[in-house]
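Asks: Sending over a structure as structure tokens; questions will come in a sec.
The values are calculated or read from the model by the stated rules, or taken from the named source; none is laboratory data. Quantities reported herein were computed from a predicted structural model and do not represent experimental measurements. Every residue, glycine among them, receives a Cβ derived from its backbone with ideal geometry; neighbour counts consider all protein chains shown.
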Amino acid sequence: TKRLLEPAASPPSKVLNGAEQSYHSLPAARTDEQAMLSSILAKTAINIIDVSAADSQGMEQHEYMDRARQYSTRLAMLSTNLTHWKKLPLLPSLTNQPHQVLASDPVPFADLQQV
């Protein structure tokens, strides 16, 4: 397996105003982080299923052609069944002039309560 993150070299010590600045805690933090990342990467590699390789194992060209022919036949049968299926009728139209219905007076509230 190839590592995604290579451990980085520790940065050089710098001298500021005659005092040497140390980065001893930084490499330890990076190694801890690197260990966590490596653990996550290992777990991910274990859990990955390569479906592209699994499907093509053991299938020869004539088997592939047979499957393609079967799928085409099934699709053709289904499509002919769909042409015989009738469309449901549209909702009934109560009026040919909906603008007149919308412009009329609203239904009284007492009538609505009876419904």
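Asks: Given the condition surrounded by 10 or more Cβ atoms within 10 Å (Cβ to Cβ), at pLDDT 85 or above and of a type outside the set (Val, Ile, Thr), answer yes or no: does some residue in the range 12-33 qualify?
Replies: Yes; the residues of the range 12-33 include at least one that is surrounded by 10 or more Cβ atoms within 10 Å (Cβ to Cβ), at pLDDT 85 or above and of a type outside the set (Val, Ile, Thr).
Asks: Take ALA8 and tell me if it is at pLDDT below 85, among the small types (Gly, Ala, Ser) and either part of a helix (DSSP H, G or I) or surrounded by 10 or more Cβ atoms within 10 Å (Cβ to Cβ) (or both). Give the derivation first.
Replies: Details: at pLDDT below 85: yes; among the small types (Gly, Ala, Ser): yes; either part of a helix (DSSP H, G or I) or surrounded by 10 or more Cβ atoms within 10 Å (Cβ to Cβ) (or both): yes.
Spelling it out, ALA8 is indeed at pLDDT below 85, among the small types (Gly, Ala, Ser) and either part of a helix (DSSP H, G or I) or surrounded by 10 or more Cβ atoms within 10 Å (Cβ to Cβ) (or both).
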